[in-house]
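Heads up, the thing below is written out as C-alpha cells.
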C-alpha cells in the first residue's frame, strides 16, 4: 500500500474515533508499514496503523496476531495490541507505545540479540501447516505473495529479473526437502527498521501483522539483506552473522532463502530508481554465499 494511502487511512480512522474519545494524531514514524503513527489517546501515547479493509488483509492479520501472541509468550518483546477495529471502510490497530529508537547500525551486541530472538521462533508454529515447505515456496515463486510484495510476473518481464527467478527456482529444485521447515513462526520482515532499541537493548520487535508459519531461514535472509543493502554493520559483525547462520541452516536451504529474498527485493525495485543499487546488492550477496569466504 502506498504511503499516501496509508496516511489517509490513519487520518480518517483517527477522525472517526475522535467522535467518541479524545484521540489525536501527533506524527508519522519514519519507519513502519501501514502509516505507522504516533497518536495521543486520552493523553497517553499510542501507535496507530490503518489500511483499507479487505477479506484477504483481515485473514492475513488474524494469522499475524496469533503468531505475535505466541512469540510474546516466548519472551519476545512485542508491543501489546490495545484495540483492533474497522471504521469508515478502514481497518485499524492501536498498540501500546514502547520507548526506543530504530538502530541505524548493528553492533555485535545487537547482532547477538537479533539471532537470539529469531531462534525463539523455531518450532513455535501455533498449528500445523497443511502444505509441504517446497509446495509453499513453489507457489510463492510462481504465483507470488502480495502480502510479502513478491511478484514473479514483474521479474519475468525483465532480463535480470528472469535470471534471479530462474536461479531461485533451480535452488528450490536442488534443495533437500528435509532441510526446509514449516514448524517455525516467520516474522516476514525481521530487519533493523522493525526493532526498537534503548541503551543497547532491544525493547521491541514490531510489525508482526504479516507473520506466518514457515522457516526462520526466511527471516535470517531478510535480516542479512537489510543489513547488507543498508551497510549497517562492519565486516567483523557481518562475518559473525554469516558464520552463525551457516551453523544453523543447511547450505542448500540458505542458498534458497537468499534467492527468495532476491525475488522479493527485485519485485519492488525493478523499474524504479533503486533498480541498479538493489541488483548490485543481490549479486554481491549471492556471490558471497557461493564463494563462502565469510561462512567458513
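Laboratory data are not the source of any read-out in this text; all were calculated from the coordinates shown. As the structure is a prediction and not an experimental result, all values here were calculated from the model. No Cβ is skipped: glycine too gets one built from the backbone with ideal geometry, and neighbour counts run over all protein chains shown.
Run lengths n ≥ 4 of DSSP H only: what is the helix-derived mean residue ellipticity at 222 nm for the chain, with -39500 (n - 2.57) per run over all residues, to the nearest 500?
-15500 deg cm²/dmol
Just to verify a number: FRET efficiency for residue 251 and residue 66, C-beta to C-beta distance, R0 = 25 Å, to 0.05?
With a Förster radius of 25 Å, E is 0.20.
I want to check the label-to-label distance for residue 198 and residue 107. Put each point 7 Å from Cα in the C-beta direction and report it in nm to one decimal.
1.8
If each residue of separation counts as 0.36 nm, what is the full-extension length gain between residue 166 and residue 273 once their alpha-carbon separation is subtracted?
36.2 nm is the gain from fully extending residue 166 to residue 273.
Just how far, in whole angstrom, is the stretch 71-111 from the stretch 198-245 if you go by their alpha carbon centroids?
So the two Cα centres are separated by 16 Å.
How far is it, in nm, from the label point at residue 123 to the one at residue 44 when both lie 7 Å from their Cα along the line to the Cβ?
About 3.7 nm, to one decimal.
Residue 88 to residue 149: FRET efficiency via 1/(1 + (r/R0)^6), r the Cβ-Cβ distance, R0 22 Å, to the nearest 0.05?
The calculated FRET efficiency here is 0.30.
Taking the beta-carbon count within 10 Å as an exposure proxy, list 156, 181 from fewest neighbours to most.
156, 181
Stretched out fully, how many nm does the piece from residue 132 to residue 31 gain, at 0.36 nm a residue minus the Cα gap?
Extending this stretch completely gives an extra 33.0 nm.
Please report 182, 11, 139 as a ranked list, fewest other C-beta atoms within 10 angstrom at the top and most at the bottom.
In increasing order of surrounding Cβ atoms, one gets 139, 11, 182.
Could you compute Rg(Cα) / (2.2 N^0.38 Å) for the stretch 108-291, with N its residue count?
Dividing the Cα radius of gyration by 2.2 N^0.38 Å gives 0.98.
For a label point 7 angstrom out from the Cα of residue 158 toward its Cβ, which stretches of the stretch 250-277 have the backbone nitrogen within less than 18 Å?
Hits in the stretch 250-277 for residue 158 at 18 Å: 258-277.
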